[in-house]
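Report on the structure given below.
The values are calculated or read from the model by the stated rules, or taken from the named source; none is laboratory data. A quick note: this is a predicted structure, and the numbers were derived from the prediction, not measured. Note that each Cβ is placed from the backbone with ideal geometry, even for glycine, and that neighbours are counted across all protein chains shown. When the accessible area is computed, the model is the full protein with side chains, heavy atoms only, and any ligands, DNA or RNA have been set aside. Shrake-Rupley method; radii C 1.70, N 1.55, O 1.52, S 1.80 Å.
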Amino acid sequence: MSFQFHRSAPSRFGPWATCLVGMLAGIVLVVLLSWWWLFLAVPATVLWVIGVIDYLQPHHSIRRIYPVIGRMRWLAEDLRPKIRQYFVESDTDGAPYTLDTRADVYDRAKGGEGIESFGTELDVYAQGYEWFLHSIYPKVPAEGQHRVRIGEASGAIPYDMALMNISAMSFGSLSGPAITALNEGARRGGFAHDTGEGAVSPYHRQGGDLVWEIGTAYFGCRTPDGKFDADQFVDECRQTDAIKMISIKLSQGAKPGLGGVLPGSKVTQEIADTRGVPVGETVVSPGHHSAFDGPDGLVEFVARLREISGNRPTGFKLCVGQRTEFLSAIRAMISADVYPDFIIVDGSEGGTGAAPLEFEDHAGVPLDDGLATVHSALVGAGIRERIRIGASGKVGSGFDIARRLAQGADYTNSARTMMFALGCIQAQECHTNKCPSGVTSHNPMVTRGIDVEDKAQRVCTYQRSTVNNFNTILGVLGHTSACDVRPDQFMRRISQTESVRYDELWPVLPEGSLLDGSAPEAWMDDWKAAGGIAG
């Protein structure tokens, strides 16, 4: 056995350079050892200055009484939601969406099967628990997207809507890359993308089908003083073939009756160009429309937009409030013989970028009751077959789609679960421009984290997986068509020992009963009162 020695690689530095580096290192070490007290004195001085400021300032009593230490309260408040979300909440806790729901969306968006083991973690005897009544003779699950034809009854250019679509989220509320990924995902999956009220931005133009939402500020089709500009509206419709339907926003679930405020500091050149507003000026969306007023005006505006848009299906979106007001709109439709092609019902539990807590918690009718009200009223007025109903509010699973169809919807829209597919972590900082995932932030250092190609595919995969799960549920119910889902096949527990069917919770009026006077007394009282509103 022999050993062979190799010479070391030559040094990158000569002997004089090595000596110089050694001398400098020694000097630095001596200085550090000689001036060690500075490492204590500087922080101590800073803390002393902060303490004096806290002691003298008059605005915060905790800081004034407990200088420096009192600031720890802010740190604790900032960390509390994160600690609760990651270390305290159980899998079935958390709001607005539980950890289980978020994890399921993430898994499906990445191509997972969304399968769990060992049984449900839900308390099946708790009030509010819901389930469907399966058939012992199930059908083979359908494949692909079910389609709901919208616009045929009015003679508009019909559009075949998917069962699950992207709900209204505007550019401004969401970042440019997030909107781009959503629209590209819609294009790949063959479902619709609602623009939200912030106009059709460059990020919406990836080829996905669009529902252009017209809000109270008329972004994208407004005059300098904020009124509706028909010429701009027509130009946008002519230039953008991807716009398939027009939706007039009457109210939003999380803040019905309120508009939005976009601070001037966030109105960049890009947002200003998209919305048709001045750069750097705060933009306020009013709570009401200036283009029309009252039920007759609403019906006329629907007909006008349908005509000048090139005969695109046109409808409106609302969170149900007073039942008499919705009935007055129905009376106006019948009187003018003009009907919207669709009505999107938004529930009060819906999401928003920003709203007062009073409105998020207490304004508007929840989707269960709002959807039942709209469906039953249209049936009672004998016009349900003319109008399609969309349901918007916490739709995240195949079961959610099925239960909304059972309650009267024809299709569904989803916003926050689509945000989860983009990478949203439910930090609930949408209104601060500090979204850690870049979904609602406009900070380029954060939005760079959104890989559009990857996120678009996740949005597409999540929607497809959810609809496939609905197809499986449909087969287990004993059906092959989404139109066959019935309310008597769904149950809700109202106590530990009692449960009721959907059709018992939300009974539907007999066909035409509002017209012939055979509807229940409470409905007839509201119907008569609505006549005064509609004129």
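Listed values, structure above:
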| item | result |
| --- | --- |
| Qualifying residues in the range 201-231 (those that are β-branched (Val, Ile, Thr) and surrounded by fewer than 24 Cβ atoms within 10 Å (Cβ to Cβ)) - the one nearest to GLU270 (Cα to Cα) | THR223 |
| Yes/no for TRP131 being among the aromatic types (Phe, Trp, Tyr) and under 28 Å from the mean Cα position of the chain (by Cα) | yes |
| Scope the range 178-199; condition open to solvent by 10 Å² or more (accessible area, probe 1.4 Å) and under 14 Å from MET245 (Cα atoms); matching residues | GLU197 |
| Selected residue [farther than 22 Å from ARG108 by Cβ and touching a residue at least 24 places away in the same chain (Cβ under 8 Å)] from GLN426, GLN407 | GLN407 |
| Yes/no for ARG306 being charged (D, E, K, R), within 26 Å of ALA530 (Cβ to Cβ) and assigned to a helix (DSSP H, G or I) | yes |
| Flag for ALA391 being touching a residue at least 40 places away in the same chain (Cβ under 8 Å) and open to solvent by less than 20 Å² (accessible area, probe 1.4 Å) | yes |
| Odd one out for ARG331 among (1) open to solvent by 50 Å² or more (accessible area, probe 1.4 Å); (2) without any contact (Cβ under 8 Å) to a residue 60 or more places away in the chain | (2) |
| Members of the range 145-154 found to be assigned to a loop (DSSP other than H, G, I, E, B) and either open to solvent by 40 Å² or more (accessible area, probe 1.4 Å) or touching a helix residue (DSSP H, G or I) at 6+ places or on another chain (Cβ under 7 Å) (or both), listed by number | GLN145, HIS146, GLU152, ALA153, SER154 |
| Lone qualifier among SER170, SER201, SER251 - being under 19 Å from ALA456 (Cβ atoms) and touching a Gly at 6+ places or on another chain (Cβ under 7 Å) | SER170 |
| Candidate set: the range 155-177, residues that are more than 17 Å from the chain's Cα centre (by Cα) and part of a loop (DSSP other than H, G, I, E, B); chosen: the one surrounded by the fewest Cβ atoms within 10 Å (Cβ to Cβ) | GLY155 |
| Test: residue in the range 268-280 that is part of a loop (DSSP other than H, G, I, E, B), more than 16 Å from THR314 (Cβ to Cβ), at pLDDT below 85 and out of contact with any Cys (no Cβ under 9 Å at 6 or more places or on another chain) | yes |
| Wholly within the range 37-139, helices (runs of 4 or more DSSP H) carrying at least 2 residues that are open to solvent by less than 60 Å² (accessible area, probe 1.4 Å), farther than 23 Å from GLN463 by Cα and touching a residue at least 12 places away in the same chain (Cβ under 8 Å) | 38-56 |
| Only listed residue being within 18 Å of the chain's Cα centre (by Cα), surrounded by fewer than 24 Cβ atoms within 10 Å (Cβ to Cβ) and farther than 28 Å from ALA95 by Cα, chosen from PHE316, PHE292, PHE301, PHE359 | PHE316 |
| Close pairs (9 angstrom Cβ cut-off, 6 or more residues apart or separate chains): part of a loop (DSSP other than H, G, I, E, B) in the range 237-258, open to solvent by 20 Å² or more (accessible area, probe 1.4 Å) and of a type in the set (Phe, Trp, Tyr) anywhere | ALA254/PHE359; LYS255/PHE359; PRO256/PHE359; GLY257/PHE359; LEU258/PHE359 |
| Members of the range 365-409 found to be modelled with pLDDT of 95 or more, basic (Lys, Arg) and not in a helix (DSSP H, G or I), listed by number | ARG388 |
| The range 241-289, subset of a type in the set (Ser, Thr, Tyr) and under 30 Å from ALA162 (Cβ atoms), residue surrounded by the fewest Cβ atoms within 10 Å (Cβ to Cβ) | SER285 |
| Sole exception among (1) over 59 Å from the mean Cα position of the chain (by Cα); (2) modelled with pLDDT of 70 or more for HIS60, by number | (1) |
| Residues that are among the aromatic types (Phe, Trp, Tyr) and within 17 Å of PHE420 (Cα to Cα), drawn from the range 57-105 | TYR86, TYR97 |
